[in-house]
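Read the structure below first, then the notes.
No value in this document is a laboratory result; all are computed from the given coordinates. Computed from a predicted model, the values in this text were never measured in an experiment. Every residue, glycine as well, gets a Cβ built from its backbone with ideal geometry; the counts of neighbours run over all protein chains shown.
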Amino acid sequence: MTNGLAHESIGNGTRVVVFSHGFTQTRSMWRPIAHELCKRDESLRCVLVDLPGHGESAHIATPIEEAARLLVATGGGAVYVGYSLGARVALRALVDHPAIVQGVISISGTAGLETESERQARVTADETLAR
């Protein structure tokens, strides 16, 4: 684990793609895709991360800005692929670190909820789901 995020690399290329998962998931969801991509293109190195509070990463309450900072600190200059929560973190990384993030592929992601009441309702629903 580096910078607080557990991760693994697949492939040995110089073109980096960083994968981040959805809520309640782990980096393992991306392994089959990463293996296939690296088999098809040897110039790639895929970095699979466990976001804060998931898998082997520290179980801490982390604001999205800090999660994005940790993601970029782990992945460096790369294209970022995220699913759901991972997409939101990748989009935040792009906003906060545009000189490092080369691009984002967002799968079922949004930029976030607009009102405090929407955010609080989502936190409650997510906590219920996580139990």
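Here are the numbers for the structure shown:
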| quantity | calculated |
| --- | --- |
| Residues within the stretch 68-92 that are among the small types (Gly, Ala, Ser) and farther than 13 Å from Phe23 by Cα, tallied | 7 |
| Any hit, the stretch 111-121, residues being on the phi < 0 side of the Ramachandran plot, part of a loop (DSSP other than H, G, I, E, B), in contact (Cβ under 8 Å) with a residue 12 or more places away in the chain and of a type in the set (Val, Ile, Thr) | no |
| In the stretch 1-34, residue nearest to Pro52 (Cα to Cα) [restricted to those that are in contact (Cβ under 8 Å) with a residue 60 or more places away in the chain, buried (at least 20 other Cβ atoms within 10 Å of the Cβ) and of a type in the set (A, V, I, L, M)] | Leu5 |
